[in-house]
Amino acid sequence: MSKSIFFSQNKKFFMDDIEGICEYVSKNYMNEFKDILAVADDVVNKKFLFNLRWDMERTVVPEVFNDEINWLHMPEDDPEWIYQFNRHRFWICLGQAYVMTKDEKYAKAFVEQMTHWIKNVKLEDERNALAWRTIEAGLRLEYWLKAIMYFKDSSHLTEEVFEIFEASVKEHAEFLMGIYDTFRLVSNWGVLQNHGLFIAGVMLSESERTAEYRKEALKRLAEEIEIQVYADGVHWEQSPMYHNEVAHCYLDVKILCDRNNIELPEVIERKLYSMAYGTFYHKKPDHHEIMMGDSDDIDVRDIITKAAYSYKDGVLKFGGYDEFDFDCIWDLGIEAAKEYIKIDKCLPKETAIELKESGNYYLHSDWSKDENFFHFYCGTLGAGHGHSDKLHIDLFANGEDILVDSGRYTYVDKPDRYEFKDPSAHNTTTVDEEDFIVCVDPWGCSKLARSINQKMVKSDEYDYVEGGHLGYYDIKGGGVFVNRRIIYIKPDIYVIVDEFYAGSKHKYNQYFHFNNTGKLSKESNNEVNHVSEKNYTDLCFLANNIDLNIKETRYSKHYNEYEIKETLVTEVSADGFASIITVISTNSKENYEKVKVQKLKVKSNFKGIIFEDKLIEAINIEKGHKKYTVVVAHQDYASPTDSFNADGCIGFGQVVVFNRHKNEERIGKVLVY
């Protein structure tokens, strides 16, 4: 196939009107383009730094090749640099720089680097194996085929160069056609690989073989999305960044199918839609994904915007951009931008979101930019990209993170990897300072923990979530069942009840990792506060002989980078059952109201006795003019027939809340019977 035939095919790819797109970018996104231009200029000078939005393994130190590029160069100890380098996402930056400036130096650099890579990184040479993983081969097909569209009018893209390019694309496709196994069936690798194969099948000239590429790729992609994506729309590897990479690939596939009258398998159509909502729910009010598992701090609105356009969905548009951003306009085009403007935004109908199959629960006070956002996790590990984060919580309020995940930092097999994967790097609990999931290397585990007892209850004034795990059932000294209950008193109070069911003596720790824009202070033996740029947050703890310690820990928002944050570690020792009640109260700095928490005795109305704490506990919470009584039963207590009395509040149930400033003292709101 000649260059002229390739560019004159009666097919629709990603960009439509390049001049129109350039005009759109010049009008709306010149600041973003300046960043891309800087990347392109570096690439021309053979200087490589990976810091684009979706670079999966970012770097902070540029690598410069003064002479010939060594595509297998590995700085320091991390092969991820080789993987990221050989994906060639930066060639798209060269293309965007070329069409925006008309400077042939960008086309020249693309041609020279592309042909050099093809000449020197041969598939058949085993020394090049790190550059020829199937995941990189699939991503290259996407990035190469998108990149070359920018250089259509360049004199440097000669017929000879195009023939070299086309031959390598076909070699990639044939390579990927020959590799498919059970690992790729369940791994994001398979999706990234086969989405590239599909793009090649669409964008290469029509033939029996390219039709086979498309057919086989769609068959595999349908299998992969069916097995990898839960019914709730979450990718099973439990890392939003990889969820979004997979969603991006399927969106590419849907875009090409829709534009070229290719039938998209129903399972892809359906599950991709649910994945888009998964991306939406994983998003904090600042539009960045939660840093769960191996994820970074990334604005995900481009993914949601593409999905909103593809499905013409107003709720997704509410979670995306009002109009196409820099990335969307290049991938979707001018006509799509005009269609997108016509989609009306809609607010989601619910503020409490239960993603049951994956074990992710989201509590929103509302859907404003200053809302309170709370995430609770009690699901499966999520393979190698999952962390030991069962019962972890995230908290965001008034436009700012409060409680955060520590991040991932590195994949290299060294102590840093485990520091960021272990339970102590998450807002969860441990028993005897032991890990409930035990890693054997950066990806594998010798011991897992089953999540159980998940439930969610929704109401107008309160929401409730709960979950536990069996990670300590076999711990030395006698097994422990760990359970966490969360009562959300809308809009700004959270009651967390950590329960440890045991028959012997153990030590229990909680971990609370705070955003590093503020300062954590110990106010008393059972109270701390965190003052940050936008929030004043109180935490009150109720437990026998609890010890509170503030320490410095590391915080990695992006791969290869870390900062220092403050972490609160609580400690309680007990022989038999133990519980820790934590009350978290958030406030904007302009409207601070101190929360007051009081432990109550709980009486039996039938027997006239005081219940033991191991059976049932209660607290009063006062904040401003509001007052609540919260009662939580750890075990059944009503024998033979009974109800409780807590500060004059009479009721029955396992979790009950009384709104005292509304004079509610009988029955209350039963969240769990």
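Measuring between their Cα centroids, the stretch 110-163 and the stretch 233-251 lie 26 Å from each other.
Note on Arg87, Arg666: ascending count of other Cβ atoms within 10 Å places them as Arg666, Arg87, the fewest first.
With K and R counted +1 and D and E -1, the other residues having a Cβ less than 10 Å from that of Leu600 yield a net charge of +1. Counting neighbouring Cβ atoms within 10 Å and putting the fewest first, the residues Ser4, Ser239, Ser168 line up as Ser4, Ser168, Ser239. Quick one: helix 90-101 against the long Cα principal axis of the chain, what's the angle to the nearest 10°, folded into 0 to 90? That works out to roughly 60 degrees. For the chain, the longest principal axis of the alpha carbon atoms and the long axis of helix 30-44 meet at an angle near 60°. Taking the Cα centroid of the stretch 261-290 and of the stretch 591-660, what is the distance between the two, rounded to the nearest whole Å? One Cα centre to the other: 42 Å. A dipole drawn for the stretch 3-337 from +1 and -1 charges on Cβ atoms has a positive end, and of Ser274, Trp54, Val234 the residue lying farthest that way is Ser274. Each of Tyr180, Tyr309 was scored by other Cβ atoms within 10 Å of its Cβ. Arranged with the fewest first, they read Tyr180, Tyr309. Rounded to the nearest 20 debye, the dipole magnitude of the stretch 3-337 is 560 debye, with +1 charges on Lys and Arg beta carbons, -1 on Asp and Glu beta carbons, and the Cα centre as origin.
A crude spin-label estimate for the pair Ser459 and Lys119, with each label 7 Å from Cα along the Cβ direction, gives 7.4 nm. Here the chain is assigned +1 on the Cβ of each Lys and Arg and -1 on the Cβ of each Asp and Glu. Its dipole about the Cα centre then comes out at about 1700 debye. From helices alone, the chain scores -10000 deg cm²/dmol at 222 nm; the rule is -39500 (n - 2.57) for each run of n ≥ 4 DSSP H residues, then divide by the residue total. Look at the dipole of the stretch 181-276 built from charges on Cβ: of Asn194, Ile255, Leu221, the Cα furthest out on the positive end belongs to Ile255. For Val186 and Lys551, the difference between the fully extended length at 0.36 nm per residue and the C-alpha to C-alpha distance is 127.5 nm. Of interest is the spacing of the C-alpha centroids, which for the stretch 362-402 and the stretch 475-550 amounts to 16 Å.
In this label model, Lys215 and Asn605 are separated by 7.2 nm, measuring between points 7 Å along each Cα→Cβ vector.
Values quoted throughout were computed directly from the atomic coordinates according to the rules given, and no laboratory measurement underlies them. Treat the numbers as computed from the prediction; the structure is a model and nothing was measured. So basically every Cβ, Gly included, is an ideal-geometry build from the backbone, and we count neighbours across all protein chains shown.
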